[in-house]
């Protein structure tokens, strides 16, 4: 059989692809039972996880009575300490008023209510994260598979370059040892037996619940909000044009924090213009 | 030699003090650690790898796990015995070996190693486990 150069290259390329695909498939479907305690395998996949925050729904709920379930759920799931002193505060998902959330988008004659209204803030999991660029130990980086800005606290040396680089204040340094300082403040600490605490001198932030996402679950704040039937938080894949987040962004007017810096934030805020 | 007597007496006392730990502990070997297995660990019979290998190499396995789980996001370990385990010191290892003091610390103390795993990872107490169930019920179920 004559094989010309073109056909040979085609065959070589195809068999290479098959070999690669084959090993991946083998890994995925390799025989083996998942240990009973850990039944989940990754169910959800995305190229870039993103969140859409509908504060209108949240404010409506706040009018009925205070609800901080998303913040509480996050703190409990990740053993986030609460010291009371804002200087030591560890922030994963937190609140700030409009004027601090969108400082460059102030209008002199805007609704007075808007300025005071709280917004939910978390790590923006930027498309172009400045924190990752400055980290000298690669303790923080952008995950290629799903765009989560991850942190490896085993590697963090606490230099705080990332805190200086982040324009959103999403990162916090552990000035004190949480296990020691929380002992008297909350006897329930550490709350989650499946999640570690941190040592003194490392920087931490929201990770879009990577440990849950890797096991096919949505982030804790989203689940807590859904459980209250508020549904102010939506989590999904930004690269899929039919995804829940893309639908919300398409159908609503949304803004992001400090877009002029070119970081490409992936947390979107729906603005409806009703701030009564 | 000026004050020779005093110097020699001083030297003898000094040497005695220096070697006193050897005299005191002569003939007494320090008790070898005997790590205890919990009933759950005994029932499971197998660890994620053969026991002898784990004894010598558990620290290397944990080092591999922390990199693959945290850095690569690959959280499942395909064990040679065909089982799949979630790669976690706190969730997987300490689930069976929930007696950290009798199982981990005993040997670590004997060998005088202070693994810094335990500055962040902790052995959950039954109280913590039950209180977590109620928190989970309240927010996440």
Per residue, what volume in Å³ does the Cα convex hull of the protein assembly as shown take up? 300 Å³
Taking chain B as the reference, fit the longest principal axis to its C-alpha atoms, fit the long axis of helix B:51-66 to the helix C-alpha atoms, and give the angle between the two in degrees, 0 to 90, nearest 10. 70 degrees
So for A:55, A:217, fewest C-beta neighbours within 10 Å to most, what's the order? A:217, A:55
Order by neighbour count: B:110, A:76, fewest other Cβ atoms within 10 Å first, most last. B:110, A:76
Restricting to DSSP H runs of at least four residues, report the calculated mean residue ellipticity at 222 nm for chain A, -39500 (n - 2.57) per run over all residues, nearest 500 deg cm²/dmol. -9000 deg cm²/dmol
For chain A, the longest principal axis of the Cα atoms and the Cα long axis of helix A:55-64 enclose an angle in degrees, to the nearest 10, of 40 degrees
When the Cα centres of region A:169-214 and region A:79-117 are compared, how far apart do they sit, in Å? 21 Å
What ranking do A:234, B:125, A:239, A:254 get, fewest neighbouring Cβ atoms within 10 angstrom at the top? B:125, A:239, A:254, A:234
Over chain B: helical MRE at 222 nm, DSSP H runs n ≥ 4 each giving -39500 (n - 2.57), nearest 500: -14000 deg cm²/dmol
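None of the figures in this text is laboratory data; all of them are computed from the coordinates on show. Model, not experiment: these values are computed from the prediction. In this analysis, Cβ positions are derived from the backbone assuming ideal geometry, glycine residues included, and neighbour counts consider all displayed protein chains.
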